[in-house]
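Notes follow the structure.
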Amino acid sequence: MEQEKLICTGCKKEYPYDRIFPRCDDCSEPLELNIVHHNSLHKNSTIDKDVSVYNQNIIRKFAPFYSLSCIEDKLSLGEGFTPLVAADKLPPILDIDSLYLKNETVNPTWSFKDRGTFVSLQHAKSLGYKTIGTVSSGNMAASVAAYGARANLETFILLSADIPLEKIQPVLIYNPTLIKVKGDYGKLYYESLKIGREIGIYFLNSDIPFRIEGSKSISFEICEQLNYNVPDYVVIPTSSGGNARGIIKGFMEYHKQGIIDHLPGFICVQLEGCAPIYQAWKNGEEKISAISAPEAIDNAITNPYPPSGNELLRKLKMYNGIVTTVSDKEALEGQLLLAKEGIFAQPAAAVSILAIKSMRSRGIINKKDKCVAIITGSGLKYTGILNKHNFASETCTLKELKGKIASIIKK
Ligand SMILES: *Cc1c(COP(=O)(O)O)cnc(C)c1O
Ligand SMILES: [Zn+2]
């Protein structure tokens, strides 16, 4: 095995493996683990068939692709191993032949964040950290708080002061130390990393190297679930850019290893009201610019200054990736369409659906193309948003019930 190291995604400067500060000292771009080449690895040997999935975790399962030699299995909550559901009703609606839904809503805290939290936590523990933290208002906060509780680590959750209590309760249930910080939320990401370095807290923020390592398992699973037939497109709701980077890296690693023979197309989707990566991509810029007043329905994908935006642009350029946007209304429509398939996603996780529809109608996606939509998180934590749907229901007395049902039932 080659030596593990961290490499700056911007200037390629190398850093030692045990560094936890996730940005480059010179150019401030995100660091990433190098891709390791294994001499004797091929498709069949990546999977340990003897070990039941019920006793596994993603690091064990894909061990050759993880550089953590010593891990604590008991910190796993069963993250990953999520279903890839063949959509049944959506293909005709979107005018495509086949669509697969990678259902990340079934993770332990109902989003893909648990993969990266689990892997980062192993790194933090292996380095002896007793305190972890994150900056997030939603899914990542819940994920880090849950795994922090599980691992018995002091856990700091930093979030902006204007987040309503309803959104914080699914985090507070795990009893972390939660601090509401007044001021520029975009700067909080960098400030937390600085504080972490100074006083010894491992901040598991959105795009730290080991979080990317967690996300790459999504791609490994998709490959296996599709019997190593690479899809034409993978469609990814995108905010900080961390998850998209991880998914791209996963396919790259399998490709480099010869486990798959080509890469899929990558489509990143943002909401119109906060689309800094889309803006830069559309204008052919190399660097993202901050969005000053983001206004969008679901803050899981409204990072106004995505810390991995520049690196994602570099990767998308390298692989002819695409960035697109949908409106809030389309995100809500996507949520209802996914419900038709039996999946309750939050609007941020449903943006892919209408994005596929519009790219199909513009002829960018062909009817025959096989698409995988990453359904990044569940709708269950944010039921307030459901008020936008105006759901209807019926009321009657017990006596009226039979007549009521008889009048409604489809013959
Ligand atoms: C975090 C999150 C995203 C965005 O992922 P990034 O890595 O920040 O790009 C998308 N959807 C959901 C549900 C999320 O929780
Ligand atoms: Zn650099």
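At most 13 other Cβ atoms within 10 Å and a DSSP loop assignment: could you name the GluC sites (Glu not before Pro) in the range 253-332 that fit?
When the GluC sites (Glu not before Pro) of the range 253-332 are filtered for loop state and at most 13 Cβ neighbours within 10 Å, E285, E286, E295 remain.
For the range 117-253, what is Rg from Cα atoms divided by 2.2 N^0.38 Å, rounded to two decimals?
1.12
Need one number: % antiparallel among DSSP beta bridges in the chain, to the nearest 5.
30 percent
Residue by residue through the range 265-281, which ³J(HN,Hα) values in whole Hz follow from phi under the Karplus form 6.51 cos²θ - 1.76 cosθ + 1.60 (θ = phi - 60°), with glycine and proline marked x?
x, 10, 10, 9, 10, 10, 8, 3, x, 7, 10, x, 6, 4, 4, 5, 4
Once Lys and Arg get +1 and Asp and Glu get -1 on their Cβ, which of I356, S289, F203 lies farthest toward the positive end of the dipole of the chain?
Of the listed residues, the answer is I356.
Put +1 on the Cβ of every Lys and Arg and -1 on every Asp and Glu Cβ in the range 161-244; which of S217, V234, I163 then has its Cα farthest towards the positive end of the dipole?
Checked the options; the winner is I163.
Once fully extended, how much extra length lies between E166 and K180, figured as 0.36 nm per residue of separation less the alpha-carbon to alpha-carbon distance?
3.6 nm
Past the 23 Å Cα-Cα mark, which pairs from K12/K256; K340/K388; K12/K315; K61/K370; K340/K411; K102/K368?
The pairs that break the limit, which is 23 Å between Cα atoms, are K61/K370.
In µm²/s, what is D for the range 199-316 at 10 °C and 1.306 mPa s, where D = kT/(6 pi eta Rh) by Stokes-Einstein and Rh is the Kirkwood radius from Cα pairs?
Rounded to a whole number, D works out at 106 µm²/s.
If r is the Cβ-Cβ distance from S292 to K256 and R0 is 35 Å, what FRET efficiency results, to the nearest 0.05?
Calculated value: 0.30.
Please report, to two decimal places, log10 I(q)/I(0) for the chain at q = 0.06, 0.07, 0.13, 0.14 Å⁻¹ as given by the Debye formula with identical point scatterers on the Cα atoms and no solvent.
-0.23, -0.32, -1.10, -1.29
Based on Cβ point charges of +1 for Lys and Arg and -1 for Asp and Glu, what charge dipole magnitude is obtained for the chain about its Cα centre, in debye rounded to the nearest 20?
Around 700 debye, computed over the chain.
For the range 301-382, run through the chymotrypsin sites (Phe, Trp or Tyr not before Pro) and keep only the ones in DSSP coil with at most 15 other Cβ atoms within 10 Å of their Cβ.
Hits after loop and neighbour filter: Y319.
How high is the FRET efficiency from E400 to S126, r the C-beta distance, R0 41 Å, rounded to 0.05?
Working from the Cβ atoms, E equals 0.05.
May I ask you to list the chymotrypsin sites (Phe, Trp or Tyr not before Pro) in the range 191-283 that are in a DSSP loop and have at most 15 other Cβ atoms within 10 Å of their Cβ?
When the chymotrypsin sites (Phe, Trp or Tyr not before Pro) of the range 191-283 are filtered for loop state and at most 15 Cβ neighbours within 10 Å, Y228 remain.
Give me the net charge for the shell around F21: Cβ to Cβ below 12 angstrom, other residues only, Lys and Arg +1, Asp and Glu -1.
Around F21, the surrounding residues sum to +1.
State the three equivalent ellipsoid semi-axes of the range 79-160, derived from the C-alpha gyration tensor as the square roots of 5 times its eigenvalues, in descending order and whole Å.
34, 13, 9
FYI, it's all coordinate maths here, none of it is from the lab. As the structure is a prediction and not an experimental result, all values here were calculated from the model. Using ideal geometry, Cβ is built from the backbone for each residue, glycine included, and neighbour counts are taken over all protein chains shown.
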